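Presented below is the structure to which this report refers.
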Amino acid sequence: MSAESPYAVELKGVSFKRGERDIFKNVDIHIPRGKVTGIMGPSGCGKTTLLRLIAAELMPSQGEVRVNGLNLPSLSRGELFDMRKQMGVLFQSGALFTDLDVFENVAFPLRVHTQLPEEMIRDIVLMKLQAVGLRGAVELMPDELSGGMKRRVALARAIVLDPQILIYDEPFVGQDPIAMGVLVRLIRLLNDALGITSIVVSHDLAETASIADYLYVVGDTQVLGQGTPAELMDSDNPRIRQFMQGTPDGPVPFHFPADNYRDDLLRGR
Amino acid sequence: MRKTSVLERVRLFGRAGIDLLGTLGRSVIFLLRALFGRSSTGNGFQLLVKQLYSVGVMSLAIIVVSGVFIGMVLSLQGFSILAQYGSEQAVGQMVALTLLRELGPVVTALLFAGRAGSALTAEIGNMKSTEQLSSLAMIGVDPLKYIVAPRLWAGFISMPLLAMIFSVVGIWGGSMVAIDWLGVYEGSFWANMQNSVSFREDVLNGVIKSIVFAFVVTWIAVFQGYDCEPTSEGISRATTKTVVYASLAVLGLDFILTALMFGDF
């Protein structure tokens, strides 16, 4: 796959195990370049694991993970760190450096990877903070920010090196409606304005479907379905329909496997 | 309670052995990568200075206070024992040799494990649980070089210096008690010390001990933080492990080093 390939990220026949438990078995995922792709699925289905496989924080037990043509499992540790400069990741918690203020958090990638003069670093940081609406918070420390603000600062930090690929891990969890609206708009806006590839890993159906060009639904170690949001809404697959419509009963059980309820209650401890 | 079969016990024992070997292997790879891996940033010296302050300078108070008190106690105890044999003038020699050979390196290492070691483990563990280490890696910065390596070097450098400071203030505390309080003649206190303390045998061996302890304690502390389960309970367990493992390692190694240095084999 070359840099001109229509896919920025490709997972081919990827399997991943935790101990003896299969998380993914022979999964194929193709993330189109320049689009917003949503990876969705119920909690605990391995969405964050998938993100960590794409970011090469975890290595597959089998298969290829290609990012911009590079097969990540075959790269050395140094090459992996170089590759990650093309990638921005927005973690669920924001993961801001707690000993640095907002300005220094956003300036951090510039300071470690570039030799830019201080004036230019200042201008770039302020521009990125302006893009996420937090230029006024430049002197605050992370513990003075709300959860939504932390994520926006983390977003400014993730885009400060103008990455080609931006990955969002559950960006909508725990957001109030205003922050949620801001984030949804920002993800779409940044994708279109910067021409990057966005991957949104989330279980928030409405928000993800509203901005994604293409969706993957994962669960039960497999890709259950893929397509545009409209195609998935109309899917005949009962598992996808259950997830897209949010019904508690269906092929995906609400209850974790357990013994008979009545027997369990009568048995005592 | 469920009975465990012999076979199951053997299996559990084997599992524990494999886990232990796995942890040892991980910790060696971790150390080699942190010390000799490729650096992705150019500000290593700045990071080292910051950690020297946090690990070394911030430990000074506890080291100095403990050193003074231990020196004073040694002097008191030594005087009362030596006075029975009419050798109270040798109290300076006893205080100096005890501090330089044993208590300086050992107590400094134990205090260092409790103050700086536990702080290092908790700090790195907290960074892991709040995804700051992952975040660094995603920015293209190796956390082993950026976070771990400066802390390791800071520990290696600062602990031998702290051990020397401990011995010096301990001797000063001992002299205060012996000369100013118990009335030992100042001339014989210092002259006995000078005559009996050998630079190579006592001072240098003490420094070598503290270098070994610095290496082991700091390695245990940073590895426990980096390898911990990223939860509150995991961090708490890792911090406890740091203090327990580091203390046991220091005491065990002290015996081995003492046997090698002074055992006359």
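Side notes on the structure shown:
- Taking the listed residues A:SER15, A:SER43, A:SER74, A:SER61, the one that is surrounded by fewer than 17 Cβ atoms within 10 Å (Cβ to Cβ), touching a residue at least 60 places away in the same chain (Cβ under 8 Å) and of a type in the set (S, T, N, Q) is A:SER43, with no other qualifying.
- Selection status of B:LEU82, of a type in the set (A, V, I, L, M), more than 22 Å from A:HIS113 (Cβ to Cβ) and at pLDDT 95 or above: no
A quick yes/no check of all residues on (1) crowded, with 17+ Cβ neighbours inside 10 Å; (2) away from chain A (no Cβ under 14 Å); (3) within 27 Å of the chain's Cα centre (by Cα):
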| position | (1), (2), (3) |
| --- | --- |
| B:GLY14 | no, yes, no |
| B:ASP19 | no, no, yes |
| B:VAL28 | no, yes, yes |
| B:LEU31 | yes, yes, yes |
| B:GLN46 | no, no, yes |
| B:GLY56 | yes, yes, yes |
| B:VAL64 | yes, yes, yes |
| B:MET72 | yes, yes, yes |
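- Scanning the range A:117-140 for residues that are open to solvent by less than 10 Å² (accessible area, probe 1.4 Å) and over 26 Å from A:PRO177 (Cα atoms) yields A:ILE121, A:VAL125.
- Scanning the range A:77-107 for residues that are out of contact with any Lys or Arg (no Cβ under 7 Å at 6 or more places or on another chain), over 21 Å from A:ILE199 (Cα atoms) and facing chain B (nearest Cβ under 9 Å) turns up A:ARG77, A:PHE97, A:THR98.
Every residue, every condition in (1) part of a helix (DSSP H, G or I); (2) under 20 Å from A:VAL223 (Cβ atoms), yes or no:
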position	(1), (2)
A:LEU11	no, yes
A:ILE23	no, yes
A:ILE29	no, yes
A:THR49	yes, yes
A:GLY78	yes, no
A:ALA95	no, no
A:GLU104	yes, no
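- Any hit, the range B:248-255, residues being touching a residue at least 40 places away in the same chain (Cβ under 8 Å), in a helix (DSSP H, G or I) and under 24 Å from B:GLN89 (Cα atoms): no
The values are calculated or read from the model by the stated rules, or taken from the named source; none is laboratory data. Since the model is a prediction, treat every value here as computed from it, not as a measurement. Glycine gets a Cβ as well: all are built from the backbone with ideal geometry, and neighbour counts include every protein chain shown. Areas reflect the complete protein model, heavy atoms only, side chains present, ligands, DNA and RNA absent. Shrake-Rupley method; radii C 1.70, N 1.55, O 1.52, S 1.80 Å.
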